[in-house]
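I have placed the structure first, in the form of structure tokens, so that the comments after it can refer back to it.
The values are calculated or read from the model by the stated rules, or taken from the named source; none is laboratory data. The structure displayed is predicted, hence computed values, not measured ones. Here Cβ is always computed from backbone atoms with ideal geometry, including for glycine, and neighbour counts include all displayed protein chains.
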Amino acid sequence: MTQRRATIHIRMLAGACLMILLVLPVSGVLLSYNFQQSIHTAFDERLESLLNVVLASLEYDRVKGSLPPPDVPGEPRFSRIFSGWYWQVEGPEQTIASRSLWDERLSLADRDSLVRHDAIGPNGDRLRVVQRQVTLPGMDQPIHVMVAAPLHSIQAEMDQFNQLLWVSLAVLALILLAGLAMQLHWGLAPLRSIQSDLAHVENGDRDRLNTDLPAELTGLAGAMNRVLERDQSLIERSRQTADNLAHALKTPIAVIGTLAGRLRDDQRITLQSEIQRMDAAIRHHLSRAAAAGPSALGTPRNLAETLQPLIQGFERLAQRRQLECNFIIPETISVRTDPQDLQEMVGNLVDNAAKWASQHFKLVVEQSTDGILFRVIDDGPGMSAEARAAVMERGVKLDESSAGSGLGLAIARDLAALYGGDLHLEQAEDGGIEARLRLPDRPHSHD
Amino acid sequence: MKLLLVEDDQALSRELSSALEETGIIVECTETGSDADFQVMTQSYDVIILDLGLPDGNAVTWLESWRHRGMDVPVLILTARERWSDKAAGFSAGADDYVTKPFETAEVLFRLRALVRRSHNHAHPQIQVGNLTLDTQLGQLTHCGMPVSLTAQEYRLMERLMHAFPRIVSRQELAEYTYESDHEPDSNVIDVQISRLRRKLGATIIETLRGRGYRLTDPGDTQ
């Protein structure tokens, strides 16, 4: 058996899961990065506007020749000590700073233009600093003005956003998975319906597939149905041909046989043995032509029911021939053999037993571990081991007056082989023959 | 023994009937089911040979309808078909035995005689009444152990009387079962045959019951 391929269900599920696991985290990372960028830009802009506020409130006192501490409005955190919100003005002679800095000072970036950079605050905070160099009216030297704010204030915002982002992405993933499951369920429903249809056909509840399916599958189901029908009609046709041929050939042979009966003994014997050869060839080949063999969808049928007409016939035959017969067939056994093939096998064996039996014959069916065992037992004269081995060879007959006795066995054996079974002859307890036909539960072709 | 052969193949019908007639059996042939139907309903037979492959519809259907109408004559099926389902269908329709084509006349004869014997409730192939023994398989009558030479017609009369014993057989029945349908004789022809048999086997062997028919003399009465 080849390695089992993954089901369509699993393929689609795996594909979609891979997409979800790949696409969602990447988009999450991108979103998070972009958000961070815009938060930072907004933070810097806010710091710059605060810087402008500080700048606007600065005024050089020409009289004292110094910078009085400005009164910066709108940001009380500049007054809270070590709040992380600081400003600092550094002139040539003096440095003034917000109350929040207390007696600490921020380090100055040694550049002229507008500078934005990260720094470490007096109590270890990470700060964002915006610094600008200006020259106030009345001063001949430029001063450096700095505004700083703690990064943790935007970090919290970032964290909050990220948390929200990942939660939403997770929810989205779950929704996608649920949607996917529904899609799989709905989208694959026709396939499942074909699968259950096939099971029904196999079980014999139905003889064809339902073609009320989506367009992609109607063709498939239709083709399958045509194959099933063609299979059946081919078997029927070859059986019909075999029948017609049998009828067309055998009647003239029967005429010759009847005529031969009137000839002198030596001529009669020669002619009759030729007739038997013809008959054997016809029976052998036609029985093969009429055999269905194991089909793709071997439908299980109840064994007792399939054999019922045969058994009725043999019971009547036995009664007429004043023989006793017994048929022991468990009601529960079912077989996947073609009913006609099964009737041929069992019919030939029981017919043979009925032909040789002196008082009684019987058929006992048993379910064994490796299949079904048919035991056909008669109390006739029996055969030696060599004769038993030889009798099933095609055309070999033990007794020329009992036409075709060995042939029936050979036909049954050939049919059994077609189903992967076998036929053995054994000595029965009371001296006759016990034919043991074994058919596997699941027929496999042995052609 | 009187037999109806229903066989559509003329050559086979001709050969089989002449082979059977040689053994003293009266054979009447029909080729179609509907002809056979007419014969079965209007004539009396000991046994019928029916070919399953008749041209005008299914032989099994005809057989079924005969059985349905209460016809209890044993039927031997002649079949070229190998399928057991067909044979089984024949049996469920009411056939009693079968012979497959090609057959040997001896086999057909063996089956026919066994069927007729069974239909008269004789289990053993040899029927014995007093000193008379009829070997149904050999078609031979012996009297006190000595074979008796009989014409075909005489044999048929004795066969009927032996099979029927201890029942009384009417002249009508003897005429129907031992003569061809188109040649049923006057009752005095049968009287002549019976008196010939008495000459061969002894005067007391067959008793005449006035207005009822003939019967073999019960050995218990004569001794």
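Key figures
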quantity: Segments classed as helices (runs of 4 or more DSSP H), wholly inside region B:150-223, with at least 1 members that are of a type in the set (A, V, I, L, M); calculated: B:152-164, B:171-178, B:187-201
quantity: Scope region A:103-113; condition under 13 Å from A:PRO142 (Cβ atoms) and among the hydrophobic types (A, V, I, L, M, F, W, C); matching residues; calculated: A:LEU108
quantity: Residue, farthest from A:ILE154 (Cα to Cα), within region A:55-88, restricted to residues that are surrounded by fewer than 12 Cβ atoms within 10 Å (Cβ to Cβ) and aliphatic (A, V, I, L, M); calculated: A:VAL63
quantity: Within region A:179-228, tally of residues that are outside any helix (DSSP H, G or I) and among the hydrophobic types (A, V, I, L, M, F, W, C); calculated: 3
quantity: Condition met for A:ARG320 (within 22 Å of A:PRO381 (Cα to Cα), free of Cβ contacts under 8 Å to residues at least 12 places away in the same chain and at the interface with chain B (Cβ under 9 Å from one of its Cβ atoms)); calculated: yes
quantity: Leading residue by the ranking (farthest from the other protein chains (Cβ to nearest Cβ)) among those in region B:1-30 that are more than 29 Å from B:GLU154 (Cα to Cα) and surrounded by 17 or more Cβ atoms within 10 Å (Cβ to Cβ); calculated: B:ASP8
quantity: Whichever residue in region B:46-59 is out of contact with any strand residue (DSSP E or B) (no Cβ under 9 Å at 6 or more places or on another chain) and within 14 Å of another protein chain (Cβ to nearest Cβ) and, among such residues, is modelled with the highest pLDDT; calculated: B:ASN58
quantity: Filtered residues of region A:231-276 (kept if outside any helix (DSSP H, G or I) and closer than 30 Å to A:ASP207 by Cβ); calculated: none
quantity: Which listed residue, of A:LEU31, A:LEU67, is in contact (Cβ under 8 Å) with a residue 60 or more places away in the chain and either of a type in the set (Val, Ile, Thr) or within 19 Å of A:ILE96 (Cβ to Cβ) (or both); calculated: A:LEU67
quantity: Any hit, region B:44-63, residues being surrounded by fewer than 17 Cβ atoms within 10 Å (Cβ to Cβ), within 20 Å of the chain's Cα centre (by Cα) and touching a residue at least 60 places away in the same chain (Cβ under 8 Å); calculated: yes
quantity: Boolean, B:THR151 is surrounded by fewer than 20 Cβ atoms within 10 Å (Cβ to Cβ), in contact with a strand residue (DSSP E or B) (Cβ under 6 Å, 6 or more places away or on another chain) and of a type outside the set (D, E, K, R); calculated: no
quantity: Test: residue in region B:111-129 that is in contact (Cβ under 8 Å) with a residue 12 or more places away in the chain, small (Gly, Ala, Ser), surrounded by 18 or more Cβ atoms within 10 Å (Cβ to Cβ) and not assigned by the TED database to the domain that holds B:THR178; calculated: yes
quantity: Filter result (among the polar types (S, T, N, Q) and surrounded by 18 or more Cβ atoms within 10 Å (Cβ to Cβ)) within region A:285-323; calculated: A:SER287, A:THR299, A:THR306
quantity: When residues of region B:70-92 are limited to those that are modelled with pLDDT of 85 or more and farther than 21 Å from A:ALA248 by Cβ, the one farthest from the other protein chains (Cβ to nearest Cβ); calculated: B:GLY70
quantity: Complete set of residues in region A:324-337 that are within 14 Å of chain B (Cβ to nearest Cβ) and surrounded by fewer than 24 Cβ atoms within 10 Å (Cβ to Cβ); calculated: A:GLU324, A:CYS325, A:PHE327
quantity: Residue within region A:244-259 that is more than 32 Å from the chain's Cα centre (by Cα), more than 9 Å from chain B (Cβ to nearest Cβ) and exposed (fewer than 15 other Cβ atoms within 10 Å of the Cβ) present; calculated: yes
quantity: Any hit, region A:295-302, residues being among the aliphatic types (A, V, I, L, M) and within 9 Å of chain B (Cβ to nearest Cβ); calculated: no
quantity: Qualifying positions in region B:73-105 - assigned to a loop (DSSP other than H, G, I, E, B) and of a type outside the set (Lys, Arg); calculated: B:VAL73, B:PRO74, B:ALA80, B:GLU82, B:GLY94, B:ALA95, B:ASP96, B:PRO102, B:PHE103, B:GLU104
quantity: Yes/no for A:ALA221 being among the hydrophobic types (A, V, I, L, M, F, W, C) and at pLDDT below 85; calculated: no
quantity: Residue count for region B:106-133, restricted to those that are in contact with a Lys or Arg (Cβ under 9 Å, 6 or more places away or on another chain), more than 20 Å from A:GLU315 (Cα to Cα) and within 9 Å of another protein chain (Cβ to nearest Cβ); calculated: 0
quantity: Residues (touching a Leu at 6+ places or on another chain (Cβ under 6 Å) and over 24 Å from B:GLU104 (Cβ atoms)) located in region A:222-257; calculated: A:MET224, A:ASN225
quantity: Given (1) closer than 14 Å to A:GLY313 by Cα; (2) at pLDDT below 85, number of the condition B:TYR98 does not satisfy; calculated: (2)
quantity: Matching residues in region A:341-355 - criterion: being of a type in the set (Gly, Ala, Ser) and more than 8 Å from chain B (Cβ to nearest Cβ); calculated: A:ALA353, A:ALA354
quantity: Region B:60-69: number of residues that are within 12 Å of chain A (Cβ to nearest Cβ) and closer than 14 Å to B:LYS87 by Cβ; calculated: 1
quantity: Residue within region B:94-112 that is of a type in the set (Lys, Arg), farther than 25 Å from B:THR208 by Cβ and over 20 Å from the mean Cα position of the chain (by Cα) present; calculated: yes
quantity: A:GLY15 part of a helix (DSSP H, G or I) and within 16 Å of A:GLN160 (Cα to Cα); calculated: no
quantity: In region A:381-436, the residues that are touching a Gly at 6+ places or on another chain (Cβ under 7 Å), hydrophobic (A, V, I, L, M, F, W, C), modelled with pLDDT under 85 and not in a helix (DSSP H, G or I); calculated: A:MET392, A:VAL396, A:LEU398
quantity: Tabulated pairs, region B:68-81, first in contact (Cβ under 8 Å) with a residue 60 or more places away in the chain, second assigned to a loop (DSSP other than H, G, I, E, B) and among the basic types (Lys, Arg), C-beta under 9 angstrom, 6+ apart or interchain; calculated: B:LEU78/B:LYS101
